[in-house]
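The structure appears below as structure tokens.
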Amino acid sequence: MAETMLDLALDAPALTARLVDFPSESGSEKALADAVEEALRALPHLTVDRHGNNVVARTNLGHAERVILAGHIDTVPIAGNVPSRLDENGVLWGCGTSDMKSGVAVQLRIAATVPAPNRDLTFVFYDNEEVAAHLNGLGHIADAHPDWLVGDFAVLLEPSDAQVEGGCQGTLRVLLRTTGERAHSARGWMGSNAIHAAAPILARLAAYEPRRPVIDGLEYREGLNAVAIEGGVAGNVIPDACTVTVNFRYAPDRSEEEALAHVREVFQDCGIAEFVVDDHSGAALPGLSHPAAAAFMEAVGGSAQPKFGWTDVARFSSLGVPAVNYGPGDALFAHKRDEHVAVERITHCEERLRAWLTA
């Protein structure tokens, strides 16, 4: 048992290393979820619940405000970068160091060492964030136990290089299909080329001018891009089918319905035979005008930045909980073979969150 336990008396960098050395690729989080649950149940000031490989711990001190600290415990597949390694420059290397076991270590340290916070706290540790949306553990908790996620403000400790990132952009992926008629390429006039029929789609994409709206003082940058194109039968056949995959990254002032309607409008006269929504996750407003967010910003310092990628702050936003991203990792190194995090960033994030929750 001692080999699987998490020692929450370790400092946050050392605890990060321990978490990294505890493999938990998406779909294989049970052992780590067991260890997290065991460690948290040893803390008498917390009520601990579990759903699948998702663990939720809460204080119940009767405060007027409740804050959620959330993080996923899974990683992308290991790429020869476990066990962890601490170098002479104070940099910790290994799978998950940035995304996001350093953030999870900070959560665990706050859970263990702040038994009487100035706000009630909910700690959420969830699985399967790095894979398909329908597997996401936070979504499963929201569906099965929405009362566990009730709160006034949430901090998702995703990698943000110790900077506050407000909200997140939405992401919509659509498949635009064109059709034609097969023929021998030596007699191309006998057919109709579906790949050529995709030309208006590509032209529309090349000419597209994305918006840069300012929301709560943060400038978001939208983008509409082809990310794949597929077509062709053989080297001597005129193709009768082609698919262009398009990704729309949109600012949080658009609803999911508005985003979809916009993409349909952009391509409405491009000769598309079939328009298929392949994946869609909505955006989240920054929520920086909320009083809890203002107090948080004052405690952590710096200036907020827009979040261009999608994170689970959108799930909190859909539940009516304003949320921000704030974690020690650097998203530029997430998922990379040379993934790493500066120890100083881990310590800094823990100190700033502690100051906010004990002031």
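The values are calculated or read from the model by the stated rules, or taken from the named source; none is laboratory data. It should be emphasised that the depicted structure is a prediction, and the values quoted were computed from it without experimental measurement. Cβ placement follows ideal geometry from the backbone for every residue including glycine, while neighbour counts extend to all protein chains displayed.
Tabulated data for the structure shown
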read-out	value
Residue selected from region 181-202 under the condition closer than 13 Å to residue 272 by Cβ and in contact (Cβ under 8 Å) with a residue 40 or more places away in the chain, by the criterion surrounded by the fewest Cβ atoms within 10 Å (Cβ to Cβ)	202
Residue in region 221-242 that is under 22 Å from residue 134 (Cα atoms), touching a Gly at 6+ places or on another chain (Cβ under 7 Å) and assigned to a strand (DSSP E or B) present	no
Residue under evaluation residue 301, criteria (1) within 25 Å of residue 212 (Cα to Cα); (2) exposed (fewer than 14 other Cβ atoms within 10 Å of the Cβ), criterion not met	(1)
Test set (1) aliphatic (A, V, I, L, M); (2) surrounded by 23 or more Cβ atoms within 10 Å (Cβ to Cβ); (3) outside any strand (DSSP E or B) - residue 124 fails condition number	(3)
Members of region 48-63 that are assigned to a loop (DSSP other than H, G, I, E, B) and either buried (at least 24 other Cβ atoms within 10 Å of the Cβ) or at pLDDT below 95 (or both)	53
Set 240, 269: member being surrounded by fewer than 13 Cβ atoms within 10 Å (Cβ to Cβ), more than 28 Å from residue 142 (Cβ to Cβ) and not β-branched (Val, Ile, Thr)	269
Test: residue in region 87-107 that is more than 24 Å from the chain's Cα centre (by Cα), assigned by TED's automatic domain parsing to the domain that holds residue 47 and β-branched (Val, Ile, Thr)	no
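Okay, residues lined up against (1) closer than 14 Å to residue 105 by Cβ; (2) surrounded by fewer than 20 Cβ atoms within 10 Å (Cβ to Cβ):
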{"site": "315", "(1), (2)": "no, no"}
{"site": "319", "(1), (2)": "no, yes"}
{"site": "325", "(1), (2)": "no, no"}
{"site": "329", "(1), (2)": "yes, no"}
{"site": "342", "(1), (2)": "yes, no"}
{"site": "354", "(1), (2)": "yes, yes"}
